[in-house]
1. Any residue that is open to solvent by less than 20 Å² (accessible area, probe 1.4 Å), in a loop (DSSP other than H, G, I, E, B), touching a residue at least 24 places away in the same chain (Cβ under 8 Å) and among the aromatic types (Phe, Trp, Tyr) - is there at least one of those in the stretch 144-158?
2. Pick from the stretch 22-39 the residues that are β-branched (Val, Ile, Thr) and modelled with pLDDT of 90 or more: which of them is surrounded by the fewest Cβ atoms within 10 Å (Cβ to Cβ)?
3. When the residues of the stretch 73-95 are filtered to those that are open to solvent by less than 90 Å² (accessible area, probe 1.4 Å) and without any contact (Cβ under 8 Å) to a residue 40 or more places away in the chain, which remaining residue is nearest to Gln140 (Cα to Cα)?
4. Which members of the stretch 164-205 meet the condition of being out of contact with any Ser or Thr (no Cβ under 6 Å at 6 or more places or on another chain) and charged (D, E, K, R)?
5. Which one of the conditions (1) of a type outside the set (Asp, Glu); (2) surrounded by fewer than 23 Cβ atoms within 10 Å (Cβ to Cβ); (3) under 27 Å from Asp43 (Cβ atoms); (4) within 15 Å of the chain's Cα centre (by Cα) does Ile179 fail to meet, given that it meets all the rest?
6. Got at least one residue in the stretch 176-184 being under 17 Å from Arg75 (Cα atoms) and in contact with a Gly (Cβ under 9 Å, 6 or more places away or on another chain)?
7. When Arg170 is evaluated against the numbered criteria (1) open to solvent by 60 Å² or more (accessible area, probe 1.4 Å); (2) farther than 18 Å from Ile40 by Cβ; (3) in a helix (DSSP H, G or I), which criterion, by number, is the only one it fails?
8. Suppose we keep only residues that are exposed (fewer than 14 other Cβ atoms within 10 Å of the Cβ) and among the polar types (S, T, N, Q) within the stretch 96-132. Which one would you say is modelled with the highest pLDDT?
Amino acid sequence: MHPFAKLYRWILSHEIITLLLLVAIASGAWGFVSIADEVIEGDSRQFDETILLSMRVAGDPSNPIGPSWFEEAGRDVTAMGSVAALSIFTVTMAGYLYLKKQAWVALFVALAIVSGTAVSTLMKSGFDRPRPELVPHETQIYTKSFPSGHSAMSSLVFLTLGAVMARAERDRKTKVFLIAVPVVLSLLVGVSRVYMGVHWPTDVLAGWLFGTTWAAASWLLFRYMQWRYRLRVQTQPAYHVR
């Protein structure tokens, strides 16, 4: 069978999920490009400043809104999107999959996350956007601003790991829960980056879109590879022991 015929057959057999993933990929890519264009042209400046300053005490940009414990909670939340934390999550899940005799799934997850991290890092260097200068930074920074690496990679890692866990569940409510939790965590990490004063809101929006798009594309590829593997097993001739 021609490869394109196989691909078409696979799409037809997975209509709803395939369509949703394709829509997520297309809309995510379009949204990222649109935001990047606004940032490059400088048209996002007013929006960014308004949102960033809304998270600071009126008349005192150096003071984030909320009591001291809330500020500390913001640092804890933002740490969930750090390289160290996400690496721990990824290695833990990869190890679990390996022990469950799913080495190829573990390898796929690791490659999807590592490749996404590399692309996100390259884009930061390419866009070379400075960090916000309106307010003091509440945490250490080492890279450029656009897109937000914490937002991008937390979206990618949490959604990818959530999808891996959801695939083994038959209960629909459990599947929804396993996808909803990563979404909420990614949103919290992104908002915390603006609250900490280390990212413009458009950095975070672009990071969310990139991470979600990469995760959707990776999962679409994973489903196709899984389908091809199962198809190949089903079409193998049966061998009988005489």
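The values are calculated or read from the model by the stated rules, or taken from the named source; none is laboratory data. Just so you know, these numbers come straight off a predicted model, no measurement behind them. Neighbour counts run over all protein chains shown; Cβ positions are idealised from the backbone, glycine included. Just the protein is used for accessible areas: all its heavy atoms, side chains included, with ligands, DNA and RNA removed. Shrake-Rupley method; radii C 1.70, N 1.55, O 1.52, S 1.80 Å.
1. Step one: of the stretch 144-158, the residues open to solvent by less than 20 Å² (accessible area, probe 1.4 Å) are 145-149, 151-158.
Then keep just the ones that are in a loop (DSSP other than H, G, I, E, B); that gives 145-148.
Now drop any that are not touching a residue at least 24 places away in the same chain (Cβ under 8 Å), which leaves 145-148.
Filter once more, so that each one left must be among the aromatic types (Phe, Trp, Tyr): 146.
Yes.
2. Restricting to residues being β-branched (Val, Ile, Thr) and modelled with pLDDT of 90 or more, the top hit is Val33.
3. Step one: of the stretch 73-95, the residues open to solvent by less than 90 Å² (accessible area, probe 1.4 Å) are 73-75, 77-82, 84-87, 89-90, 92-95.
With without any contact (Cβ under 8 Å) to a residue 40 or more places away in the chain added as a condition, the list becomes 73, 79, 84-85, 87, 92, 94-95.
Numbers: Ala73: 16, Ala79: 11, Ala84: 14, Ala85: 16, Ser87: 19, Thr92: 26, Ala94: 29, Gly95: 30 Å.
Among them, the one singled out is Ala79.
4. Hits for the stretch 164-205 are Arg167, Glu169, Arg170, Asp171, Arg172, Lys173, Lys175.
5. All conditions are met except number (3).
6. First pass over the stretch 176-184, keeping only residues under 17 Å from Arg75 (Cα atoms): 184.
Filter again for in contact with a Gly (Cβ under 9 Å, 6 or more places away or on another chain), leaving none.
No, the stretch 176-184 contains no residue that is under 17 Å from Arg75 (Cα atoms) and in contact with a Gly (Cβ under 9 Å, 6 or more places away or on another chain).
7. Failed condition: (3).
8. Looking at residues that are exposed (fewer than 14 other Cβ atoms within 10 Å of the Cβ) and among the polar types (S, T, N, Q), I get Ser115.
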